[in-house]
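Right, one structure below, let's go through it.
The values are calculated or read from the model by the stated rules, or taken from the named source; none is laboratory data. Model, not experiment: these values are computed from the prediction. Don't worry about glycine lacking a Cβ; one is built from the backbone with ideal geometry, like all the others, and counts go over all protein chains shown.
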Amino acid sequence: MSEQTILLEIEQGVALLTLNRPGSLNSFNADMHAEMRSAISQIRKNPEVRALLITGAGRGFCAGQDLSDRNVAPGAEVPDLGESIEKRYNPLLRSLRDLPMPVICAVNGVAAGAGANIALACDITLAARSASFIQAFCKIGLIPDSGGTWSLPRLVGMARAKALAMLGDKISAEQAASWGMIWQCVDDEQLMDEALKLARHLASQPTAGLALIKRALNASMSNSFDEQLDLERDLQRLAGRTEDYREGVAAFIEKRKPEFKGR
Ligand code: T3D
């Protein structure tokens, strides 16, 4: 039987997705890409899921592309890495960015190559104190992909982005948090408790509203101020039509705890 490269559990509105190839630090092969696509599609279609939490099995989070899947022997056909990016990595990154719910990442160990940039593409990223981030691409002659050349300069500024990308140095979780690359660094034994607590909290909140916040902030990265004001108007119009907006206001007036349905 083939290995189950992605584990998916759904509980209390949270989909817990675990990258599960610990023997190779959860690096991506073709099967794992396919199972990841299928898991995200199930999550998107399931109205009970209101937050996604991604983590890795074993001691690593994800070491990017499985390099043992690439034939670089002398005389072997030159691989078309552009095709791999177009067919596998880019759709994955787009699906996480477009998912209409918060995507939380619990980086449990080393996150290298595409693995680092998948973690950075999530909406809220926590990391264990012993975890690390490596833009490993330059060490094998590649460029950061999975959105790295877009997200790094925006998260840490161009000077740090260029040094990270060109040196491929290991950055500790604490350094990543202090540079604003991630939300929080927590003690190793606290990581999953904290990440689940956060995911469950978010899953109890106005999901449609959170999805609109995500859309607005993502768009702000390329919009002008005027475009962003127009977008805020349009998205606030949508937010104002949700049941959760009415519930939030009613609960405030009635001095009670709101019961959000996510719509
Ligand atoms: O090809 C395309 O489609 C283009 C897209 C590319 C996207 C990318 O992600 S390119 C970048 C690929 N990733 C890397 O270059 C990282 C390679 N890995 C490392 O540099 C190191 O493993 C780490 C720094 C991540 C961790 O180091 P360490 O010392 O903690 O662990 P290790 O001993 O190197 O690795 C543990 C095992 O995982 C080891 O296997 P073994 O010896 O126990 O059987 C190692 O070979 C395996 N492993 C780690 N990373 C990968 C891997 N196997 C295959 N592919 C990997 N990426």
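Would you call Asp169 among the acidic types (Asp, Glu) and within 28 Å of Gly82 (Cβ to Cβ)? When the stated conditions are applied, Asp169 passes them.
Among residues of region 14-34 that are in contact (Cβ under 8 Å) with a residue 24 or more places away in the chain and aromatic (Phe, Trp, Tyr), those with a Cβ under 8 angstrom from a residue that is surrounded by fewer than 22 Cβ atoms within 10 Å (Cβ to Cβ) and assigned to a loop (DSSP other than H, G, I, E, B), sequence gap 6+ or separate chain, pair up as Phe28/Asp66.
Residues that are under 25 Å from Asp187 (Cβ atoms) and surrounded by fewer than 19 Cβ atoms within 10 Å (Cβ to Cβ) were ranked within region 111-155; the one that is farthest from the ligand (Cβ to nearest atom) is Ile124.
The residues in region 102-119 that are hydrophobic (A, V, I, L, M, F, W, C) and within 18 Å of Leu196 (Cα to Cα) can be counted, and the count is 6.
Condition check ((1) closer than 22 Å to Arg97 by Cβ; (2) among the hydroxyl-bearing types (Ser, Thr, Tyr); (3) more than 25 Å from the chain's Cα centre (by Cα)) across all residues:
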residue: Ile213; (1), (2), (3): yes, no, no
residue: Asn218; (1), (2), (3): yes, no, no
residue: Ser222; (1), (2), (3): yes, yes, no
residue: Asp226; (1), (2), (3): no, no, yes
residue: Leu235; (1), (2), (3): yes, no, no
residue: Gly240; (1), (2), (3): no, no, yes
residue: Arg246; (1), (2), (3): no, no, yes
residue: Ala250; (1), (2), (3): no, no, yes
residue: Glu259; (1), (2), (3): no, no, yes
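If we scan region 9-18, do we find a residue that is among the β-branched types (Val, Ile, Thr), at pLDDT 95 or above, in contact with a strand residue (DSSP E or B) (Cβ under 7 Å, 6 or more places away or on another chain) and buried (at least 16 other Cβ atoms within 10 Å of the Cβ)? Scanning region 9-18, I find at least one residue that is among the β-branched types (Val, Ile, Thr), at pLDDT 95 or above, in contact with a strand residue (DSSP E or B) (Cβ under 7 Å, 6 or more places away or on another chain) and buried (at least 16 other Cβ atoms within 10 Å of the Cβ), so the answer is yes. Screening Ile182 with (1) more than 12 Å from Leu126 (Cα to Cα); (2) hydrophobic (A, V, I, L, M, F, W, C); (3) buried (at least 17 other Cβ atoms within 10 Å of the Cβ) gives one miss only, at (1). Within region 184-195, is there a residue that is touching a helix residue (DSSP H, G or I) at 6+ places or on another chain (Cβ under 8 Å), over 30 Å from Ala239 (Cβ atoms), touching a residue at least 12 places away in the same chain (Cβ under 8 Å) and assigned by TED's automatic domain parsing to the domain that holds Asp123? Yes: one or more hits.
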